[in-house]
1. Does Glu271 fit the bill of being charged (D, E, K, R), open to solvent by 20 Å² or more (accessible area, probe 1.4 Å) and in a loop (DSSP other than H, G, I, E, B)?
2. Restricting to region 99-113, name every residue that is surrounded by 15 or more Cβ atoms within 10 Å (Cβ to Cβ) and more than 14 Å from Ser246 (Cβ to Cβ).
3. Taking the criterion of being crowded, with 19+ Cβ neighbours inside 10 Å, in contact (Cβ under 8 Å) with a residue 60 or more places away in the chain, not in a loop (DSSP other than H, G, I, E, B) and not aromatic (Phe, Trp, Tyr), would at least one residue in region 259-267 satisfy it?
4. Would you be able to say whether some residue in region 222-236 is open to solvent by 10 Å² or more (accessible area, probe 1.4 Å), of a type outside the set (Lys, Arg), touching a Cys at 6+ places or on another chain (Cβ under 6 Å) and in contact (Cβ under 8 Å) with a residue 60 or more places away in the chain?
5. Can you pull out every residue in region 224-257 that is over 21 Å from Asp187 (Cβ atoms) and outside any loop (DSSP other than H, G, I, E, B)?
6. Does Asp124 fit the bill of being at pLDDT below 95 and either open to solvent by less than 50 Å² (accessible area, probe 1.4 Å) or over 21 Å from Cys98 (Cβ atoms) (or both)?
7. Here is a check on your reading of the model: is Val243 surrounded by 13 or more Cβ atoms within 10 Å (Cβ to Cβ), under 21 Å from Pro160 (Cβ atoms) and touching a residue at least 40 places away in the same chain (Cβ under 8 Å)?
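The values are calculated or read from the model by the stated rules, or taken from the named source; none is laboratory data. These numbers come from a predicted model, not from an experiment. So basically every Cβ, Gly included, is an ideal-geometry build from the backbone, and we count neighbours across all protein chains shown. Just the protein is used for accessible areas: all its heavy atoms, side chains included, with ligands, DNA and RNA removed. Shrake-Rupley method; radii C 1.70, N 1.55, O 1.52, S 1.80 Å.
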Amino acid sequence: MQHGKCSRSLLVIAAACLLLAAVSCGRAGRGGSTGELGDPGGEEIDEGDDGAPEGDPEPEADPEPDADPEPDLEPEPEVEDPDPEPEIEDPQPEPEPCVYPEAEREIRYGEPIRKLAWRGAWIDGQPDVFDFEDFHCGERWADYDSLIVILGAGWCPNCPDYIRMIDEMADRLEGLGAAILYVAVEDRTRAAARNTYANSYFDRLIGSDRPGIRVGDADTRPGARAVYWQPNIIDGFPAGFVVRKSDMRVIASQNRSRYYLDYEAIARHPEWDW
């Protein structure tokens, strides 16, 4: 009899344990697990695109910190172009061509002197060419402002002293921009002097290495004795006159003065008419 009661008690205890186990499993299934022992009557949990339940959204991620800002850089100094483009300047007008002034056949004070020339003139100890047009326009004589013309003759007794006087100031005259032209008009026999005679004549008087161009009137172009036959500018020997280069005018003449011309003063101021 007691044995039967014990058997019924054990059955009741076993059933109670099964019931308690079932209740515990159902609670566990509702807490988040969806295993086989979950509550069959519970609602399905909708999952989002990422599988997270709607009710518990994931917290927003902190924004990523900005990248390190670039440090402030000093502006690079401007570098000048080593080969800049040249500026194009307005074209300058072409200089007017040099034209020798018109002149009469006679040489007169205050008037332009006619074009004269000598082939075989002695310049710096060598035969060369000298002509008034080149003196007026050419680059060779660009440093000169005036031309001092000194005339002598082989038979003239007073010419040597006059020529030596000019030579004593020749270096100063050159420094003042005055070129010297020595003209031998005649030799000792009163024949028109050639260039070769003129060179030897002036060599004897002043030396071969002294400043000055040496010519003979027999070789004057356009015609021999073109200097000798000039009564308006020459009334005896020795003689001399000065030509201003800018307009080739005769600005001073020895026959207009009772005294020797002050050639240095004239060379300093060729713009004056003496």
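1. Values: charged (D, E, K, R): yes; open to solvent by 20 Å² or more (accessible area, probe 1.4 Å): yes; in a loop (DSSP other than H, G, I, E, B): yes.
The answer is yes for Glu271.
2. Ala103, Ile107, Arg108, Tyr109, Glu111
3. Checked region 259-267: at least one residue is crowded, with 19+ Cβ neighbours inside 10 Å, in contact (Cβ under 8 Å) with a residue 60 or more places away in the chain, not in a loop (DSSP other than H, G, I, E, B) and not aromatic (Phe, Trp, Tyr).
4. no
5. The answer is Phe241, Val242, Val243, Arg244, Arg249, Val250, Ile251, Ala252, Ser253, Gln254, Asn255, Arg256.
6. Values: at pLDDT below 95: yes; either open to solvent by less than 50 Å² (accessible area, probe 1.4 Å) or over 21 Å from Cys98 (Cβ atoms) (or both): yes.
Here the answer is yes, as Asp124 does meet what is asked.
7. Here the answer is no, as Val243 does not meet what is asked.
Matching residues to (1) among the aliphatic types (A, V, I, L, M); (2) more than 18 Å from Thr220 (Cβ to Cβ); (3) open to solvent by 10 Å² or more (accessible area, probe 1.4 Å); (4) modelled with pLDDT of 95 or more:
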| residue | (1), (2), (3), (4) |
| --- | --- |
| Pro97 | no, yes, yes, no |
| Lys115 | no, no, yes, yes |
| Phe132 | no, no, no, yes |
| His136 | no, no, yes, yes |
| Tyr144 | no, yes, yes, yes |
| Pro157 | no, yes, yes, yes |
| Glu174 | no, yes, yes, yes |
